[in-house]
Every structure is written in structure tokens, then in C-alpha cells.
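Read-outs throughout are calculated quantities, based only on the coordinates presented, and are distinct from any laboratory measurement. The structure displayed is predicted, hence computed values, not measured ones. Neighbour counts are summed over all protein chains in view; Cβ atoms, including those assigned to glycine, are modelled from backbone coordinates with ideal geometry.
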Amino acid sequence: MGSLGPAPTLEACLERIERVDPQAYARTRNHLLGAVTGLSPWITHGMVTLREVAALLHRRHRLEVQHKLVFELGWRAYFRHVWAHRKGGIRASLHPGPLPDSAYASRLPPDIREARCGVPAVDQAIRTLYSTGLLHNHARMWLASYVVHLRRIHWRAGADWMIGHLLDGDLASNHLSWQWVAGTASRKPYLFNAENVARYAPREWWSPASAIDRSYAELETIARGAAPTAPPASPPYAQPAAPPASLPAAPAARPGGIDEPAPASLESTPATTLPLVLEAEAVWVLHPWALRAPAPHPQGKTWTVVGCLPHEAMGQHAWSARRLAWVSEALRNQARHLYRSFDDLADAVQPGRMIGTWAEPHLSPFLGARITGFEERPLFAPVARRCDSFSRWWTVATTNIRTLEELLDST
Ligand SMILES: Cc1cc2nc3c(=O)[nH]c(=O)nc-3n(C[C@H](O)[C@H](O)[C@H](O)COP(=O)(O)OP(=O)(O)OC[C@H]3O[C@@H](n4cnc5c(N)ncnc54)[C@H](O)[C@@H]3O)c2cc1C
């Protein structure tokens, strides 16, 4: 399964937040070796909310709301805004991209799945994805752009594949980012070339004389339907003289490619076997998207905390074995009883007793009548009218707000 990765505990998350250096982040975020936070597994699984991250950052740093890090937290909130408005519609192209949907292949070919497409930056990205479940934002963009625009594969095939390997897979951030790259949720396709890779990635990612070693003008014509010409035999740009150190997680290249890890079987998830009747006065449910402390009970009662790995909601896309193990361990650490569906859980609680959980769009269609979803306190004030661009949403969400402190006070 590759590297052990981030521990599924609140302590590990808080320690990571302590170490965030916002100034270094702003300077180096686009570099694969840059000072990114690495917080996405804990944020995705609701061990902390965006608001809690921002409040903890505010304790140590005085940040403007326009700071790069607050802005990036905004991207996650923006994708959730789009999801709230478009619902399941985010699984289809939001508007036409550079080519009609029918121009793209619907399946990911084996050379991509096996990390042997021959473009070092892309093969490195896939190996890193498989061995860690995580990938730097820039590498995700390169991988998606190569798949969609140079291989002409539909973004949906790429998005469905990638989310099944991510430790931080989030339907809104993942599928809408793929659409942003594809140009079906943005004004133009996102394109990158070998020169861009050489600027931001360690040497083993550099890809001279490969399919991405082209001018942006040529990439643009390919994305809009032209057949690619052969890439140049030697790099037409100056390579940086001093390559940065290697990314620790990047595994070695294998000419014959590597096997794609098989998805986890949900049947292997731990569960309380007996139809145990809980004698609790109120039951709080932890689930894979909300592994954090309960909301206060409206009548001040004490929650008995149980866990649920709701197969009905989790079956929406593939889960890697690493991610399933991560979430299962976090649940086992916090709850004695685990259930595999909300129905099983509701059956185990005496009628009339409240069952609460944090509301979350991944599972809201599956909650059922007995479970009450509590809304978290957001970091950004909800924007009622749908915004079709991040900049529009950001302008509305941060109007008259100057600092992170003011943002925290605004909701
Ligand atoms: C094709 C593609 C697929 C992606 N899929 C996912 C996904 O499934 N889950 C996911 O959490 N992010 C996804 N992202 C967004 C982004 O790449 C990751 O959030 C980020 O790389 C996580 O690393 P980090 O925690 O060090 O981020 P940092 O840069 O340190 O940012 C801190 C936090 O801000 C949020 N954030 C930062 N950048 C973005 C962004 N561009 N979009 C949304 N949120 C952002 C995340 O919650 C992140 O943990 C995707 C991006 C692309 C281009």
C-alpha cells in the first residue's frame, strides 16, 4: 500500500496545522516541494472543518482574507457551493468544453492506468497517486490536463478513476476540478507544457522531448481538435541549472508500468454484528465525512457516539484500501459500535430517541427520516445565488471583509 501517510487522528491534524507557515505557503504553493499544508485528508473526512482550520490559523497568524491560503480554502467552499446548487448535475459537463463530449473517449487506457504513458511528469504523478493516495494540486492539474486534452479522454473517466485512488477524494473538489481543467466549468481549457513542469517539479518529473514538450499555441490547437504533431527531439527551453531535491514519496519509475491497485471491498468493513439495541437517550453518528465531535444536543442530553460506514453512500464511487483503512481506524478510535448502513443503525436505536449527525452532501440522500442532520457553522457566509465562476463567488462571499478575523466573525 506504499507509505503510511498521515495518521487518522485529531492530534496529527492539529500538529499539522501548528506547522503551517502561511508566508512560505504563499511563496511556494505551486511548487511540488512547496510548503503546502497537507491538510486535505482531515478536512475531507470532516475531522476538522474549514472554519476550525481558519480559527486555529488565526490564533498564530494575522492573515488578510485575500491571503493565498484563505483563498485556497475558499476553493473548497466554492466547489461545495456549486454542488449545493447543481446537485448530481456536477457529474456531467456543466457547459460545453472546447470539443463536444462525444469527441472524447469514455475509458482510461491501460498505459495511463499502469503509469507507462511515457511522459515522466504524468507517470510520476500516477505512481505517486497509487503509492500515497495524495498528489500536489499542480500534479493533479497536469495529470488531468494530459488525460483530457492530449489523450482526448472524457474528464468524467479521469475523475471517476482518480477519486477511487485518493485519500482525500471529495466529489465536489475532484469532479469540478476535472471540469475546470477540461473547460466544462471554466472559460478555457487548462494547459501545461514541459517547461512548466521543469519550473515547478523535481528533475525526475521533467519531460523534455515528450508529448507535452510543445508551445501553448500548439497545445491550444490540439485541445480544440487538431491532431498532435510529433514532439521535438530536444527541449527548446533552458533547463534549470540546479534541480531541487526529490519528493520523498515519488517511487522509482518502472518501464513496464505498475499494477493499478484494486479498489477496496466495502464488505470488508468492520461492523457490529448483533442487532444491538442501544439504550442511549440520544445517539450521535460519526461517518466518513464527519469524524469529529458532536454538535451540542438541542435539549442538553448526552450523546452516545456510534460510527457508521454507510455502504449506500460510500458506494457512489470506488474507495482505495488505504482510504477505507484510514476511515475505519478513525471510526474505531472514537466509537465502540459500528454500522454498515443508516437503516441498520436506525433499527438499533429505540423509537423516539434522537439520532443526530453532521449534515454532509455525500450522504444526505441516504440519511432517512430518523436521522437529523446538523449543519456545521461555515467559514464563508452562504451565497444564495448560484455563481458560475470562483471569482464571482469570492467577491460576493468576501464583500467588505478585510481580515481572516472579520471573516470568522461574519458567520
Ligand atoms: C484534478 C483535481 C482533482 C482534485 N481532487 C480533490 C479531491 O478529491 N479532494 C480535495 O480535497 N481536493 C482536491 N483537489 C484540490 C487540491 O488539489 C487539493 O485540495 C490539495 O492538493 C490538497 O493538498 P493540501 O491539503 O496540501 O492543500 P493546500 O494547498 O495546503 O490547501 C489547504 C486546503 O485548502 C483546500 N484546497 C486547496 N486548494 C484547493 C483546490 N484547488 N480546490 C479545492 N480545495 C482546495 C483543501 O481543503 C486543502 O486541504 C483537486 C484538484 C485537482 C486539480
Honestly segment 101-223 on the Cα gyration tensor test (a ≥ b ≥ c root eigenvalues; a/c under 1.5 rounded, otherwise a/b vs b/c for prolate or oblate) is just rounded
Might you report the magnitude of the Cβ-based charge dipole of the chain about its Cα centre, with Lys and Arg at +1 and Asp and Glu at -1, to the nearest 20 debye?
760
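Among Met141, Met47, Met354, rank each residue by its count of other Cβ atoms within 10 Å, from fewest to most, as a rough exposure measure. Write down the numbers at each step before the final one.
Details: Met141 21, Met47 24, Met354 18.
Ascending number of Cβ neighbours within 10 Å: Met354, Met141, Met47.
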Consider just the alpha-carbon atoms of segment 6-67 and return their Rg together with their Dmax, both in angstrom.
11.6, 31
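For segment 138-179, what D do you get in µm² per second when you plug the Kirkwood radius from alpha-carbon pairs into Stokes-Einstein at 4 °C and 1.567 mPa s? Walk me through the intermediate numbers first.
Values: Rh = 10.1 Å.
After rounding, the answer is 128 µm²/s.
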Taking a ≥ b ≥ c as the square roots of the eigenvalues of the Cα gyration tensor, with a/c under 1.5 meaning rounded and otherwise prolate when a/b exceeds b/c and oblate if not, segment 266-374 is prolate
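If contacts are Cα pairs under 8 angstrom and at least 6 residues apart, what is the relative contact order of the chain in percent? Write down the numbers at each step before the final one.
Working: 647 pairs, mean separation 81.0, N = 411.
Result for the chain is 20 percent.
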Near Asp343, within a Cβ-to-Cβ distance under 14 Å, what is the net charge of the other residues, with Lys and Arg +1 and Asp and Glu -1?
-1
Could you check the spin-label model distance between Ser391 and Asp343? Points 7 Å from the Cα along Cα→Cβ, value in nm.
4.9
Paired Rg and Dmax values of segment 85-126, which use every Cα atom, in angstrom:
14.4, 40
Using a 10 angstrom cutoff on alpha carbons, build the Gaussian network for the chain and name the most mobile of Val383, Val349, Val148.
Val383
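Determine the dipole magnitude for segment 275-330: charges of +1 sit on the beta-carbon of Lys and Arg, -1 on that of Asp and Glu, nothing else is charged, the reference point is the Cα centre, and the result goes in debye to the nearest 20. Numbers along the way, then the final one.
Working: 4 positive and 4 negative charges, 49 e Å.
Roughly 240 debye for segment 275-330.
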Can you list the DSSP H helices in the chain whose Cα atoms extend at least 24 Å along the helix axis and whose mean Kyte-Doolittle hydropathy is -1.0 or higher?
68-86
Along the charge dipole of the chain, which of Leu367, Pro298, Tyr216 sits closest to the positive end, that is, farthest toward it, with unit charges on the beta carbon of Lys, Arg, Asp and Glu (+1, +1, -1, -1)?
Tyr216
quick shape note, the chain: Cα extents on principal axes in Å, largest first -> 72, 49, 41
May I ask for the equivalent-ellipsoid semi-axes of segment 1-157, computed as the square root of five times each C-alpha gyration tensor eigenvalue and listed largest first in whole Å?
31, 20, 15
Rounded to the nearest 20 debye, dipole of segment 101-223 from Cβ charges on Lys, Arg, Asp, Glu
80
Cβ-defined net charge surrounding Phe374, 13 Å radius [Lys, Arg +1; Asp, Glu -1]:
-1
Connecting C-alpha atoms closer than 10 Å in a GNM of the chain, tell me which of Cys308, Cys13, Cys387 has the biggest fluctuation.
Cys387
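What does the charge count near Leu309 come to, summing +1 for each Lys or Arg and -1 for each Asp or Glu among other residues with Cβ under 14 Å from its Cβ?
Values: positive: Arg323, Arg332, Arg340; negative: Glu267, Glu312, Glu329, Asp343, Asp344, Glu360.
Residues near Leu309 contribute -3 overall.
In which sequence would Leu404, Leu108 go, from the one with the fewest C-beta neighbours within 10 Å to the one with the most? Don't jump to the answer; show the numbers that get you there.
Working: Leu404 24, Leu108 18.
Ascending Cβ contact count within 10 Å gives the list Leu108, Leu404.
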Cβ density ranking, 10 Å radius, fewest first, applied to Trp303, Trp284 yields Trp303, Trp284
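Pull up the DSSP beta bridges for the chain and report the antiparallel fraction as a percent, rounded to 5.
Values: 3 of 19 bridges.
Bridges in the chain are about 15 percent antiparallel.
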Which of Leu50, Leu134, Leu99 moves the most in a Gaussian network model of the chain with Cα springs under 10 Å?
Leu99
